[in-house]
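So the structure is just underneath, and the comments pick up after that.
Since every read-out is calculated from the coordinates, none of them should be taken as a lab result. Values in this document were obtained by computation on a predicted structure and should not be read as measured data. Glycine gets a Cβ as well: all are built from the backbone with ideal geometry, and neighbour counts include every protein chain shown.
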Amino acid sequence: MISYVAVLFALLILVMALLWLLPSRLRRSRRARLLAKELPEVLSNILERNVRLYRNMPDDLKAELRGHVNVFLNEKRFRGCGGLEISDEVRVTIAGYACLLILQRDSDYFPGFSSILVYPDTYLVNEVTYDGVVEVERQDARSGESWHRGPVVLSWQDVLESLAEDNDGYNVVLHEFAHKLDEENGDMDGVPMLADSAHYKEWAEVLTRAYASYESLGKPARPGHAPVLDEYAFTAPEEFFAVATETFFEKAAELKAELPELHEQLRKYYCVDPATWTK
């Protein structure tokens, strides 16, 4: 005979399962509707104007990006700091660049945080370092940062500098959101969550080799050209991944010519090749 306690326990387990499953199902349903919904024309015009890569993308990827922007704007919260007023231009420009990183991929839309703080310009952060037992306090000027399991912080002026046509490989939005991808597996260590477990060995070999050899050379393989990767890439493995991501999207053809193995690893991870987005 089934006891009253056993029945209650079974019902409790069922309720807990439903409470766990329901938000996930509702989230998937909401995202599906937003992905299928057309982005308002005024917002699409901002993508066309400010996200340079969008102009050259194939039409199917443009449509996918607009859908991702719909979801991103629904789930992330923007907060102006230092007197900056959050406008549609601020929101859509940042969302457009961030969502380039999740095209053609199964994505949970940068989980673990919901806030994006935007300053009008480079902002100051109090920083404490130690020289032996001596504590040194100073203010560090920053253009952006990604807090582990916390918000993304951006300087709008630095975002605007990313809109230029100079293909300098600098894009603070791509950089900071690459850090968010990096931390999805728990650590920010330059190794994001890869779709295929067999890919980790090849990823580690190629990126470690590129990191070590390129750092030691300090120069490009092609004489007369500046290195395709900014030197900041060599301050830490996680910065290498973030800078390589900026370069992959901003200077794809140059990266492919200079560091083809690295380009191929990023192409496999991001499932797109910006080097082909030309008109």
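Here is how the numbers come out for the structure above:
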quantity: Reach of LYS62 by Cα under 15 Å, taken over aspartates and glutamates that are not fewer than 8 positions away in the same chain; calculated: GLU38, GLU41, GLU48, ASP273
quantity: Packing-based ranking, highest mean first, of 242-251, 83-92, 152-161 given that Cβ atoms within 10 Å are counted; calculated: 242-251, 152-161, 83-92
quantity: Straight-distance crosslink candidates among aspartates and glutamates, where the alpha carbon sits under 17 Å from LYS37 and sequence neighbours closer than 8 are dropped; calculated: ASP59, ASP60, GLU64, GLU75
quantity: Counted charge near PRO151, where neighbours are those whose Cβ lies closer than 12 Å (Asp, Glu -1; Lys, Arg +1); calculated: +3
quantity: Protection proxy ranking of 48-55, 29-36 - average other beta-carbon atoms within 10 Å, highest first; calculated: 48-55, 29-36
quantity: Extension gain (nm, one decimal) between ASN185 and THR278, 0.36 nm per residue minus Cα-Cα; calculated: 30.1 nm
quantity: CYS81 paired with ASN56, simple spin-label distance in nm, labels 7 Å along Cα-to-beta-carbon; calculated: 3.3
quantity: Contact order normalised by residue count of segment 33-276, Cα under 8 Å, 6+ apart, percent; calculated: 15
quantity: Point-to-point label distance, ARG49-SER114, nm (Cα→Cβ direction, 7 Å offset); calculated: 3.0
quantity: Pair ASP106, LEU163: separation of 7 Å Cα→Cβ label points (nm); calculated: 3.7
quantity: Cα centroid of segment 169-197 to Cα centroid of segment 221-278, whole Å; calculated: 14
quantity: Per-pair calculated FRET efficiency, R0 = 25 Å: LYS37 and LEU194 via Cβ, rounded to 0.05; calculated: 0.25
quantity: Theoretical gain in end-to-end length, ALA141 to ALA212 [0.36 nm per residue, Cα-Cα removed]; calculated: 22.7 nm
quantity: Sorted peptide list for 265-277, 188-200, criterion being average Cβ within 10 angstrom, highest first; calculated: 265-277, 188-200
quantity: Convex hull of Cα atoms in segment 33-276, direction-averaged projection (nm²); calculated: 14.5
